[in-house]
Amino acid sequence: MEGKSDAALLIVAHGSTVNPDSSEPTLAHAAEIRRRKIFADVGCAFWKEEPSLRDAIFLFDPESMRHVYVVPNFISEGYFTQTVVPRELELNGRITKRSNGQVWKYCEPVGNHPMMTELLLKRASEVAPRADPAESSLLIVAHGTDLNENSAVAAKREAEKIRVLNVYMEEPPLVSDWRKLTKTRHVVVVPFFISDGLHSYQDIPVLLGIQERRLPSRRKQPDGRLGTRPSLKEIFRSNPYKVDNRLLFYAPSIGTDPGFADIIIEQALAAKS
């Protein structure tokens, strides 16, 4: 996309009031896109953090920013992309013309882009560079739920594309059954989430059997001060894990990949045409 002097990009994401890492990937992707100077301005807004989705309506000056491209940084279509984001941003479809003359274009979520397949394979290769593909299984782990069937749609779609196994935390096939579901010597696991949080730091590792349920606590030092707890990201730095004479490689969530900046730009490009 050629740089537009009157166009802004708004990346919207969920955010979290309890997990400071939740917004980190979105902010990093925004910084990278801002560095490329494709848009006159790049901003972020969150459902559970500041700046809020509702406040984002007033984020860009209508006199200088005539067009705003909204890209949801979500893995799949669902309640947030179909209901929450349009409601909070007061969007009435793919194209919304506001009373101040600004035109807002609502783009597809990042998880719908075909580049997702390439990023999943790239991440698997990075986490297990010496694993023979012929002796390896790739598991894409999504949340899964009985309440919203869209929760697993994106993971299933990617698994079908690259002929791997999609597994879930809350619906069959369960990630906890990975030993039964795979027969290969090497197993590579990639969480299909936008950011790392308790699911990727603790819940999935516990289900895989590579971490105990209780996280390390902060212990008092001899001088009475609390010691620092080991970084939660250490779970990704201890590969491979030897489990039942097999090697398991565990990757950070796919949404932390720098390639998401390219996907966000591509989604805006598709809405521009």
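The values are calculated or read from the model by the stated rules, or taken from the named source; none is laboratory data. Note that the structure is predicted; figures quoted are calculated from it, not measured. Neighbour counts are summed over all protein chains in view; Cβ atoms, including those assigned to glycine, are modelled from backbone coordinates with ideal geometry. These accessible areas exclude ligands, DNA and RNA; they are computed on the full protein's heavy atoms, side chains included. Shrake-Rupley method; radii C 1.70, N 1.55, O 1.52, S 1.80 Å.
Among what's in the stretch 146-157 and is farther than 18 Å from Trp178 by Cα and not in a helix (DSSP H, G or I), pick the residue that is modelled with the lowest pLDDT. Outline the logic, then answer.
Taking the stretch 146-157 first, the residues farther than 18 Å from Trp178 by Cα are 146-151, 153-154, 157.
Right, trim to not in a helix (DSSP H, G or I) and you get 146-148.
Values: Asp146: 45, Leu147: 39, Asn148: 45.
Looking at the filtered set, the residue picked out is Leu147.
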Worksheet item: How many of the residues in the stretch 178-228 are buried (at least 17 other Cβ atoms within 10 Å of the Cβ), of a type outside the set (Asp, Glu) and modelled with pLDDT of 90 or more?
Response: 22
Fill in: Qualifying residue in the stretch 1-19 (condition: open to solvent by 50 Å² or more (accessible area, probe 1.4 Å), of a type outside the set (Val, Ile, Thr), touching a residue at least 60 places away in the same chain (Cβ under 8 Å) and in contact with a Leu (Cβ under 7 Å, 6 or more places away or on another chain))
yes
